[in-house]
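Engineer: Quick one: this structure, given as structure tokens, is what I'll be asking you about.
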Amino acid sequence: MSIFEDTAPRSPRPRPLRVAVLGCSGSIGTQTLDVCRQHADKVRVVALSVYGSTDALVSAAREFGARHACVADTAHAADPILSELPDGCELTVGDDALADLAELPDVDCVVNALVGAAGIKAGYRALAAGKVLAYANKESIIVAGDLLMPLARPGMLIPVDSEHSAIFQSLVEERARDIHRLWLTCSGGPFYGRSRSELAHVTAADALAHPTWLMGAKITIDSATLMNKGFEVLEAHHLFEVDVDDVRVLVQRQSRIHSMVEFVDGSSIAQLGPSDMRIPIQYALSYPERWETPSPRMDWCAEPPLTFGEADEESFGCLALAREAGRVGGTMPCVLNAANEVANEAFRRDACGFLDIERIVRTVVEAHDVQRVESLGQLDQIDRKAREDARAALAEVMQ
Ligand code: MG
């Protein structure tokens, strides 16, 4: 069974769609709230969470009249601002409470905009509880895809990531067996065209000036190393049940083609549009419908030519590393992700160089004895061990 193939007639979602926005203060979270604001007649925000941004939580809970609010970071549990939550809004605190939001009886759809491995449990519980899961937290699928995918019924797991939304949209009413391969587009990142010797000296500040997409700091660095694209290859592999090597990365500098599906008859279907994340976010909420959007329209007559090219996996070794981890499968992508989180964070505070991210991840991945994925608890342990190993590898790099 695939997530898009549905022989039953596609039934519309409940109206209003009752939504939980996990990670509502981040880049995807605030853009999700923007979509909810535009479509207040179709979407009702009932639950919200933040890590520690309690100001943003209170302001969103008041605006949308949320019934449930959660602060994941216990250090912010007693912030005075929380007394200003609206009447009747239940406040909970901690990681377990955050995952509880994913299975509330008054929620139809969970938007998982959490960053990193922290979002896996919530995604798992949302699917297990039969909720629609609109997810931007790609770690859920990369790390725990072996556990999550069997729970995903057609139309219930919708990617928010622009590339995967494009592929999903290109596959509506198509059959999994007709896919020849996927073309995953890539802007090339801020360091496109640079050699390895040039990459050795780039800084986090250089990377944070991303050319086309406005995103959080962690994913912006992952876009610069192309680790993000590597993760997206693994995500597409799980989501659409296509071999890792049948997911081709295509550099499309203008970021107008958001990805394509090539079918067995030689036809390719793509989704194109502005580089505005609110469009894929909205599609995840509106599916199987389409709604109006205030996003600026494309004038294709005025667009510069679209260009295509191959990604440089030699200079940007993280992409090759991710693909390799995907071929091995099992617990390897979990280790890849955990080591990358440590190295990415170290680079952001100038504790290591750009190419050290790849070195650290490679060291940790190469030392890992792969296992079959059996439970979230097992993945949690492996994640922790990989982070320790990554910190040791970082210490060595820093010497
Ligand atoms: Mg993406």
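The values are calculated or read from the model by the stated rules, or taken from the named source; none is laboratory data. These figures come from a predicted structure and were not determined experimentally. Methodologically, a virtual Cβ is constructed for each residue, glycine included, from the backbone with ideal geometry; neighbour enumeration extends over all protein chains shown. Remember, those area values only see protein heavy atoms, side chains included, never the ligands or the DNA or RNA. Shrake-Rupley method; radii C 1.70, N 1.55, O 1.52, S 1.80 Å.
Engineer: Return the residues of region 271-290 that are out of contact with any strand residue (DSSP E or B) (no Cβ under 8 Å at 6 or more places or on another chain), within 14 Å of ASP161 (Cα to Cα) and buried (at least 17 other Cβ atoms within 10 Å of the Cβ); say none if nothing qualifies.
Structural biologist: Within region 271-290, ASP276, MET277, ARG278, ILE279, GLN282 meet the criteria.
Engineer: Kindly evaluate LEU57 against the criterion of being within 22 Å of GLU84 (Cβ to Cβ), open to solvent by less than 10 Å² (accessible area, probe 1.4 Å) and part of a helix (DSSP H, G or I).
Structural biologist: In short, yes.
Engineer: Considering only region 14-28, state which residues are free of Cβ contacts under 8 Å to residues at least 60 places away in the same chain and either in contact with an Asp or Glu (Cβ under 8 Å, 6 or more places away or on another chain) or charged (D, E, K, R) (or both).
Structural biologist: If the condition is that a residue be free of Cβ contacts under 8 Å to residues at least 60 places away in the same chain and either in contact with an Asp or Glu (Cβ under 8 Å, 6 or more places away or on another chain) or charged (D, E, K, R) (or both), then ARG15, PRO16 are the ones that fit.
Engineer: Let me ask another. Consider ASP350 carefully, then state whether it is within 17 Å of GLY326 (Cα to Cα), of a type in the set (D, E, K, R) and part of a loop (DSSP other than H, G, I, E, B). Spell out how you get there, then give the answer.
Structural biologist: Working: within 17 Å of GLY326 (Cα to Cα): no; of a type in the set (D, E, K, R): yes; part of a loop (DSSP other than H, G, I, E, B): yes.
Considered against the rule, which asks whether it is within 17 Å of GLY326 (Cα to Cα), of a type in the set (D, E, K, R) and part of a loop (DSSP other than H, G, I, E, B), ASP350 comes out as no.
Engineer: Among the residues of region 301-311, is any surrounded by fewer than 24 Cβ atoms within 10 Å (Cβ to Cβ) and under 20 Å from the mean Cα position of the chain (by Cα)?
Structural biologist: no
Engineer: Give just the number: which of (1) under 23 Å from ARG323 (Cβ atoms); (2) more than 21 Å from the chain's Cα centre (by Cα) does GLU358 not satisfy?
Structural biologist: (2)
Engineer: Restricting attention to region 149-187, report how many residues are of a type in the set (D, E, K, R), more than 9 Å from the ligand (Cβ to nearest atom) and under 25 Å from ARG125 (Cβ atoms).
Structural biologist: We begin by selecting, within region 149-187, every residue of a type in the set (D, E, K, R); these are 153, 161, 163, 173-175, 177-178, 181.
Retained after the next criterion (residues that are more than 9 Å from the ligand (Cβ to nearest atom)): 153, 173-175, 177-178, 181.
Within this subset, residues satisfying the condition of being under 25 Å from ARG125 (Cβ atoms) are 153.
Result for region 149-187: 1.
Engineer: Which of the following residues is closer than 26 Å to THR32 by Cβ and at pLDDT 95 or above: ILE179, ILE158, ILE219? So that I can check it myself, show each step before the final result.
Structural biologist: Working: ILE179 fails: closer than 26 Å to THR32 by Cβ; ILE219 fails: at pLDDT 95 or above.
When all the criteria are applied, what remains is ILE158.
Engineer: Now for a different question. Kindly establish whether ASP206 is in a helix (DSSP H, G or I), surrounded by fewer than 20 Cβ atoms within 10 Å (Cβ to Cβ) and more than 16 Å from the ligand (Cβ to nearest atom).
Structural biologist: So ASP206 fits the description; yes.
Engineer: Looking only at region 188-201, decide whether some residue is buried (at least 18 other Cβ atoms within 10 Å of the Cβ), within 14 Å of the ligand (Cβ to nearest atom) and either small (Gly, Ala, Ser) or modelled with pLDDT of 95 or more (or both).
Structural biologist: Among the residues of region 188-201, at least one is buried (at least 18 other Cβ atoms within 10 Å of the Cβ), within 14 Å of the ligand (Cβ to nearest atom) and either small (Gly, Ala, Ser) or modelled with pLDDT of 95 or more (or both), which makes the answer yes.
Engineer: Tally up the residues in region 265-287 that are polar (S, T, N, Q) and in a helix (DSSP H, G or I), please.
Structural biologist: Just the residues of region 265-287 that are polar (S, T, N, Q), to begin with: 267-268, 271, 275, 282, 286.
Among the residues that remain, those that are also in a helix (DSSP H, G or I) are: 282, 286.
Of the residues in that region, 2 qualify.
Engineer: A further question on this structure: Could you identify the single residue in GLU314, GLU324, GLU262, GLU345 that is part of a strand (DSSP E or B), surrounded by fewer than 20 Cβ atoms within 10 Å (Cβ to Cβ) and not polar (S, T, N, Q)?
Structural biologist: On the way: GLU314 fails: part of a strand (DSSP E or B); GLU324 fails: part of a strand (DSSP E or B); GLU345 fails: part of a strand (DSSP E or B).
Of the residues listed, the single one that is part of a strand (DSSP E or B), surrounded by fewer than 20 Cβ atoms within 10 Å (Cβ to Cβ) and not polar (S, T, N, Q) is GLU262.
Engineer: Going residue by residue through region 236-245, is there one that turns out to be part of a loop (DSSP other than H, G, I, E, B), more than 15 Å from the ligand (Cβ to nearest atom) and charged (D, E, K, R)?
Structural biologist: yes
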